[in-house]
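Written out below as structure tokens is the structure these notes cover.
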Amino acid sequence: MAVSPAAAADTDRAGTGDQRPRSRRSGRRRTALAFWAFTGPFLAGLAVFTVVPVAWSAYLSFFDATNTVTPLSEDFVGFGNYTRMLQDQAFLDSLVTFSVFAAFIVPLTFACSLGLALLLDRVRFARAFFRSVFFLPFACSYVVASLVWKMSIFNGVRYGLANAVLDLFGVDDVAWLFNPDPPWYWLVIVSLRLWIQCGFYMILFIAALQQIPAHLYEAAYVDGAKPGRQTFWHITLPQLRATSVAVVMLILIAAYQAFDEFVNLIGNQAYARPPLVYLYYTALGTQQDLGRGSAGALILALIIAIVTLLQGRLLGFGNKEGR
Amino acid sequence: MSAMTTAKTRPGYEPGLGSKGARAANLVILSVLAVLFLVPFYLIVRNAFATDAEITAPGWMWFPSAPSWENLPNLFADPAVPMARSLVNSAVVAVASTAGTLLLCTTAGYGLARIPYRHADKVFYAVLATLMIPSAVTFVPSFVMVSSLGWISDFRGLIIPTLFNGFVAFLCRQYFLGFPRELEEAARVDGLGYWGSFWRIVIPNSGNFLAAIAVITFVGAWNSFLWPLVIGRSPDSWTVQVALSTFLTAQTVSLSQLFLAALVAIFPLVFVFLFLQRFLVQGVAQTGLKG
């Protein structure tokens, strides 16, 4: 904040014109009151619907809590749920599925959205139209996109778009989603998410590209840098650093939450089941095993926290200039 | 020629101007990509107005010869999936959660950004810490909470837990930090307190930002699937996404009906998008998402 709290409190008091000795405290109290009036409702809700549930879930994770949210003390199992989850092959497989998914989606989304932004930045014709077209899929839900991908593009039969195109080249029909070997389902899942989210990150990159000062390119030109590859690697990319870090973080955070397209495209199949789908069926499916579900959620949260911190370190989240 | 005329404003050493060939290639690539990006929308429309026999015919059909509207009444009359009810539910949930989120998050963001309370920074870091908890990981504990409140299959359960969005509050704080202080000081001189200057000065001057936040929240609420799936246990409380997913996994309805349902589900948002896109793009660009 630009103005120190004390100085701001002083200007407040000047407006009200109270006597000096009492007003310092009453001004401060009034400031505190105003602060809590503005933030209180939000903070209370955040506590009730985020902090308390997480704490409650941590408590449940130490109990054999099947079909109940208030387990009895004799159901206490200590770290039993945690060891069971860590030995549970299905849970471990789901972590592998997630890692493969992230390995595809993070670099691809980054490259595609940056590529679209660069293409759009150069075009002088119908720019707003192209921007709208690439951004429009962001309005589409994962459920609707899954429906199109599963029933019309990659449905594995002759009238599906992908197979109709392959047909032109004389390639036999591919089952896409329903045959885990070879794993063509990754193409379906990854292309769906790319289609939905590239436009959004593209907008962020366009905004950042427009803020790169033109004199940097002028200076590079004077120094003999060739416009194109050289200016991209030595000017554009370094100047996009802050945005790039934020975009990678956002893509990864969104990838952790991948649920909608997996459930709607593949369902509860072991070969492509990310952690959230597994936890959903564990905690809220027929078993309603909230103890194990909570333990799994906390293990996942811990992994995410560690990866986020490591990534922050690697990409140097702290040492960027400005906001 | 054109390179010469643009050279005045955009000199040749800028990244934007390559040779004529490079620019043409750029345009061609963009056009091909644009067509690819529109294909799914085209398929939704094509399939929604075709018959099942046309969709599954072996030869490729570009567009149904006789577009039929017959599916529309059938869709809403289908007893298996309450389409009309789910649209109403989605609308109620999306509008209420957008309004509620805006109210709660702008006030909180303003308080965090502009009221010089001693512990404001500590409170802000606490809010930031909750952002580190990925919201999807909290769905099991939140379900526990909501079910013990008795809000399962209930609008309260669908709406209230989604209102306290730490991310939106964070965006609002970043935005208000950059709001011109002079405007507020003028209000202060006129005798307005924090509350008065917030409602009479800050909010009326933040139209673009509020529109962007509102559209993002609305899109998120309308398209949200996991939380409505967890909470909406009875068909009466399904949102349109849950209804569609049920349609999709049940696979008992006709293909054309399925795609018509998808068309109905995306229509409100595409509409909103086409008209508010300008605000959205500006807003996303200026929300402080820059990092």
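The values are calculated or read from the model by the stated rules, or taken from the named source; none is laboratory data. Note that this is a predicted model, so its numbers are computed, not measured. Counting neighbours? That spans all protein chains shown, and the Cβs are built from the backbone with ideal geometry, glycine included.
Observations on the model:
- Hits in the range A:279-309 - residues which are part of a helix (DSSP H, G or I), more than 7 Å from chain B (Cβ to nearest Cβ) and of a type in the set (Gly, Ala, Ser): A:291, A:295, A:296
- All helices (runs of 4 or more DSSP H) inside the range A:135-254 with 3 or more residues being modelled with pLDDT under 80: A:161-168
- Applying the criterion of being facing chain B (nearest Cβ under 7 Å) and in a helix (DSSP H, G or I) to the residues of the range A:121-130, the residue that is modelled with the highest pLDDT is A:130.
Okay, residues lined up against (1) at the interface with another protein chain (Cβ under 7 Å from one of its Cβ atoms); (2) in contact with a Cys (Cβ under 9 Å, 6 or more places away or on another chain):
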residue: B:130; (1), (2): yes, no
residue: B:139; (1), (2): no, no
residue: B:145; (1), (2): yes, no
residue: B:148; (1), (2): yes, no
residue: B:151; (1), (2): no, no
residue: B:154; (1), (2): no, no
residue: B:157; (1), (2): no, no
residue: B:168; (1), (2): no, yes
residue: B:171; (1), (2): no, yes
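- Filter result (closer than 30 Å to residue B:199 by Cβ and either touching a His at 6+ places or on another chain (Cβ under 6 Å) or in contact (Cβ under 8 Å) with a residue 12 or more places away in the chain (or both)) within the range A:28-85: A:28, A:30, A:31
- Filtered by the rule that a residue be touching a residue at least 40 places away in the same chain (Cβ under 8 Å) and closer than 26 Å to residue B:162 by Cβ, the range B:184-205 gives B:198, B:202, B:203.
- Exactly one residue out of A:177, A:161 is touching a residue at least 40 places away in the same chain (Cβ under 8 Å) and either aliphatic (A, V, I, L, M) or closer than 30 Å to residue A:307 by Cα (or both), and it is A:177.
- Residues of the range A:134-152 classified as without any contact (Cβ under 8 Å) to a residue 24 or more places away in the chain and either more than 7 Å from chain B (Cβ to nearest Cβ) or under 22 Å from the mean Cα position of the chain (by Cα) (or both), total: 2
- Highlighted here are the helices (runs of 4 or more DSSP H) found entirely within the range B:55-153 that include at least 2 residues which are farther than 26 Å from residue A:255 by Cβ, of a type in the set (A, V, I, L, M, F, W, C) and touching a residue at least 60 places away in the same chain (Cβ under 8 Å): B:71-77, B:83-114.
- The residue of the range A:198-253 that is nearest to residue A:142 (Cα to Cα), among those that are within 7 Å of chain B (Cβ to nearest Cβ) and among the aromatic types (Phe, Trp, Tyr), is A:217.
- Count of the range B:208-229 residues which are within 11 Å of chain A (Cβ to nearest Cβ) and either aromatic (Phe, Trp, Tyr) or free of Cβ contacts under 8 Å to residues at least 40 places away in the same chain (or both): 6
- For the residues B:63, B:49, B:41, the requirement of being closer than 16 Å to residue A:199 by Cβ, surrounded by 11 or more Cβ atoms within 10 Å (Cβ to Cβ) and either within 30 Å of the chain's Cα centre (by Cα) or of a type outside the set (S, T, N, Q) (or both) singles out B:41.
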